[in-house]
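Novice: Let me give you the structure first, and then I'll get to my questions.
The values are calculated or read from the model by the stated rules, or taken from the named source; none is laboratory data. This structure is a prediction, so every number in the text was calculated from the model and none was measured. All Cβ positions, even for glycine, are placed from backbone atoms using ideal geometry, and neighbour counts span all protein chains on display. Side chains are part of the model used for accessible areas, which takes the heavy atoms of the whole protein and leaves out ligands, DNA and RNA. Shrake-Rupley method; radii C 1.70, N 1.55, O 1.52, S 1.80 Å.
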Amino acid sequence: MKHLIMNAPRWLAPALMSGLVLLGCGGGAEFDSSAVKVGGTVAGLNNSTSVQLTYGNAGNVVTVSQNGSFQFPKTLPFNTSYAVTVGTQPTNQTCSVANGSGTARAAVSNIAVTCVTNGYTIGGTVSGLTGTVGLSNGGETIAVAANGSFTFPTLTTSAYSVTVSQQPGSGMYCSVSRGSGTPSANVTNVSVSCTTSVSNPSCPAGQYLTGISGANGAIVDRIAVRCAGVVGNVIDTINSVDGAFVGGPGGSSFPSFTCPAGEWVSGISGRNGAGDYPTALASIQVTCSGGSQSIAYNNTAGNAAFSYSC
C-alpha cells in the first residue's frame with residue numbers, strides 16, 4: 001500500500017496535465033469571449049419601404065429595405081442576452097419578430113421578421129370643380145369641396161372603384177377616370193374632372209373628331225369626344241386627346257374608340273329613348289372616314305334611330 005500511495009502522483013500527473021491542456025484548448029474554441037454575430041431573415045416587406053430592427057440599446061440598429069437575410073452591424077460579447085424588436089415599422093405595414101431573444105453562445109441567424117400589409121390609401125386629384133362633389137369607394141364616401149388632391153381615409157388591400165356619388169349641382173357634372181384597380185402601393189392617380197358644359201361635345205376649331213369615350217347603363221349616360229390636330233397635312237390620330245365628359249355621372253365605362261391613323265369620324269348613328277328616359281341618348285356608334293366602325297355602345301337600347309354624317 002505504501003508503494004502504491006507514494007507512486008500514485010507519478011501516473012496521475014501526466015493525466016492531469018493532459019486534461020488541463022485539453023481544457024485549455026477546448027475552452028478556447030467553445031467558450032471564446034470574442035463577439036457573436038446576430039441576424040436572420042425578413043419576409044413580406046413591400047418595395048420602396050424599410051423596417052428598422054434593434055436590440056440592446058440605440059446603438060444596435062439595422063435598417064432593412066429588402067426581403068432576405070440581414071445582420072446587425074454590431075456584434076455581441078459571448079454569453080450575452082439579446083432581444084430583437086421592431087424599432088420603426090415600414091409604411092402601411094406591421095412587422096413581427098420570431099426567435100428574437102436568447103443568449104448569444106454562437107452566431108445567431110434564425111431571427112425571423114415577417115411583415116404584413118395594413119393597406120394602401122386610395123386618392124387622386126379633382127379639377128374644374130365649383131361646389132362640392134361626393135366621391136365613393138365601396139361603402140366609404142367623402143365630400144370634396146375644392147380642386148386639388150383627395151384621399152379616402154380608410155386603408156385597403158382590396159380592389160377599389162371610385163365613383164361620383166353626388167354631383168355638385170348647378171349644371172356641373174364630374175366624371176372619374178383611372179378610378180378602379182387593385183392596389184399594390186398607395187394610389188394617387190384617380191382623376192375627377194368636372195365641367196359645367198351641357199352642350200353637345202365638339203372639337204376645337206381646326207381639329208378633327210377622331211373617336212369617342214364614355215359610359216353607359218340603361219342609356220349612354222356620359223360621353224366625350226376625341227379630337228386631333230393636323231400635322232403636315234395629316235390628321236394626327238395617334239395624339240388624339242379626350243375632351244371633357246358631358247352628361248350625367250356615368251354608368252360602366254365603355255372602351256374608348258379612335259379611328260385608324262389619318263382618319264376622322266365621318267358619321268354617327270344610334271338610337272334615342274329608353275325606358276324612363278324618352279329623350280336620352282340610348283345607343284351610339286361612330287363610323288370613320290375609311291369605313292371602320294366602333295362597337296355599337298349599348299346597342300340593344302333605344303327606340304328612335306338617328307344617323308348623322310360629318
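Novice: Does at least one position in region 90-97 carry a residue that is hydroxyl-bearing (Ser, Thr, Tyr) and without any contact (Cβ under 8 Å) to a residue 24 or more places away in the chain?
Specialist: yes
Novice: Quick check on region 291-308: of everything there that is of a type in the set (S, T, N, Q) and modelled with pLDDT of 80 or more, which residue is nearest to Arg222 (Cα to Cα)?
Specialist: Applying the first criterion (of a type in the set (S, T, N, Q)) to region 291-308 yields 292-294, 298-300, 303, 307.
Okay, now just the ones that are also modelled with pLDDT of 80 or more, so 292-294, 307.
Numbers: Ser292: 23, Gln293: 20, Ser294: 17, Ser307: 19 Å.
Here the residue is Ser294.
Novice: From the list Thr114, Thr88, Thr121, exactly one residue is closer than 28 Å to Gln66 by Cα and under 16 Å from the mean Cα position of the chain (by Cα). Which is it? First the steps, then the outcome.
Specialist: Numbers: Thr114 fails: under 16 Å from the mean Cα position of the chain (by Cα); Thr88 fails: under 16 Å from the mean Cα position of the chain (by Cα).
Within the list Thr114, Thr88, Thr121, the selection yields Thr121.
Novice: Here's something else I'd like to know. Being open to solvent by less than 50 Å² (accessible area, probe 1.4 Å) and polar (S, T, N, Q) is true for just one of Asn147, Asn137. Which residue is that?
Specialist: Asn137
Novice: Out of everything in region 97-107 that is on the phi < 0 side of the Ramachandran plot and not in a strand (DSSP E or B), what residue ends up being surrounded by the most Cβ atoms within 10 Å (Cβ to Cβ)?
Specialist: Only one residue tops the list, namely Gly100.
Novice: Go through region 108-153 and give me each residue that's touching a residue at least 60 places away in the same chain (Cβ under 8 Å), part of a loop (DSSP other than H, G, I, E, B) and over 25 Å from Gly181 (Cβ atoms).
Specialist: Of everything in region 108-153, just one residue is touching a residue at least 60 places away in the same chain (Cβ under 8 Å), part of a loop (DSSP other than H, G, I, E, B) and over 25 Å from Gly181 (Cβ atoms), namely Thr130.
Novice: Tell me, yes or no, whether region 163-183 has at least one residue that is hydrophobic (A, V, I, L, M, F, W, C), in a strand (DSSP E or B) and more than 24 Å from Val246 (Cα to Cα).
Specialist: no
Novice: Pick from Gly251, Gly214, Gly273, Gly243: which is modelled with pLDDT under 80, open to solvent by less than 20 Å² (accessible area, probe 1.4 Å) and small (Gly, Ala, Ser)?
Specialist: Gly273
Novice: Going by the structure shown, is Val187 over 20 Å from Val286 (Cβ atoms), open to solvent by less than 70 Å² (accessible area, probe 1.4 Å) and in contact (Cβ under 8 Å) with a residue 40 or more places away in the chain?
Specialist: In short, yes.
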